[in-house]
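Participant: Questions regarding the structure given below will be posed in turn.
Just so it is clear, none of the values below were taken in a lab; they were calculated from the coordinates. Keep in mind that this is a model prediction, so the values were computed, not measured. Note: ideal-geometry Cβ built from the backbone for every residue, glycine included; neighbour counts use all protein chains shown.
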Amino acid sequence: MNTTFIIVPGYTNSGPQHWQSYLERKYHNVVRVQQDNWDSPQRDCWRDRVQETIEQVTGNIFLIGHSCGAVAISQWAEKYHSPRVQGALLVAPADVDDEHTLEAIKVQRPLALQRLPFPATLVCSDNDEFLRLQRAEWLAAHWSASLVTIAGAGHFHTAAGYGEWLEGERMIHQLSGGQLLSRQ
């Protein structure tokens with residue numbers, strides 16, 4: 001059965017030099033969740049847009065979230081469920097509950113804290129300005145997600161040097177059973 005990879009970007013979307021955009025251009029079975037307002041990650045709207053995107057594709061699904069997009073995936077799983085979701089890579093989920101986080105992302109509160117109904121891997125860094133390592137470990141435990149820590153990776157965004165991210169692609173290939181289909 002075919003697999004569709006659904007990219008769920010975070011606050012301000014993933015620009016053209018972001019690793020999620022590289023994935024979208026490189027593989028033909030990758031689609032992006034579209035939000036009405038990328039500058040305001042409204043909890044219910046963003047969660048429901050994940051559901052709408054899932055409803056638009058056929059076959060198995062693998063979710064790839066970054067920052068507030070990873071949070072939206074966990075919030076989607078709290079309300080919805082699809083047996084077609086085979087797994088997720090949750091990269092640098094923003095700690096929207098942290099009192100010191102950006103005011104613009106606090107509207108996505110509260111974090112979902114239930115066990116995810118699919119295999120998930122949370123990727124974090126030891127120097128992420130939006131997710132302390134201790135909170136990443138805590139979230140991974142609540143979500144029953146495997147935890148991968150990459151030293152010095154910041155928030156895994158373009159400003160931290162994360163354009164084409166081959167290590168991330170390898171993780172996705174491994175976690176999905178090699179289902180990414182190249183455009184070439």
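Participant: Could you list, in sequence order, all residues of the stretch 83-104 that are over 18 Å from Leu133 (Cα atoms) and crowded, with 16+ Cβ neighbours inside 10 Å? Even if it seems obvious, please write down each step before you answer.
Facilitator: Step one: list which residues in the stretch 83-104 are over 18 Å from Leu133 (Cα atoms), which gives 83-88, 103-104.
Arg84, Val85, Gln86, Gly87, Ala88, listed by residue number.
Participant: For the stretch 116-131, enumerate the residues that are crowded, with 19+ Cβ neighbours inside 10 Å and among the acidic types (Asp, Glu).
Facilitator: Selection gives Asp128 alone.
Participant: Any idea which of Val8, Val31 is surrounded by fewer than 19 Cβ atoms within 10 Å (Cβ to Cβ), within 21 Å of His173 (Cα to Cα) and hydrophobic (A, V, I, L, M, F, W, C)?
Facilitator: Selected residue: Val31, the only one of Val8, Val31 that is surrounded by fewer than 19 Cβ atoms within 10 Å (Cβ to Cβ), within 21 Å of His173 (Cα to Cα) and hydrophobic (A, V, I, L, M, F, W, C).
Participant: Kindly indicate which of Ala112, Ala72, Ala136 is among the small types (Gly, Ala, Ser), out of contact with any Gly (no Cβ under 8 Å at 6 or more places or on another chain) and in a helix (DSSP H, G or I).
Facilitator: Sole residue among the options that is among the small types (Gly, Ala, Ser), out of contact with any Gly (no Cβ under 8 Å at 6 or more places or on another chain) and in a helix (DSSP H, G or I): Ala136.
Participant: Within the stretch 139-155, can you find the residues that are in a loop (DSSP other than H, G, I, E, B), over 11 Å from Leu90 (Cα atoms) and out of contact with any Phe, Trp or Tyr (no Cβ under 7 Å at 6 or more places or on another chain)?
Facilitator: Scanning the stretch 139-155 gives Ser144, Ala151, Gly152, Ala153, Gly154.
Participant: If a residue must be assigned to a helix (DSSP H, G or I) and free of Cβ contacts under 8 Å to residues at least 60 places away in the same chain, how many such residues does the stretch 156-184 contain?
Facilitator: Counting residues in the stretch 156-184 that are assigned to a helix (DSSP H, G or I) and free of Cβ contacts under 8 Å to residues at least 60 places away in the same chain gives 7.
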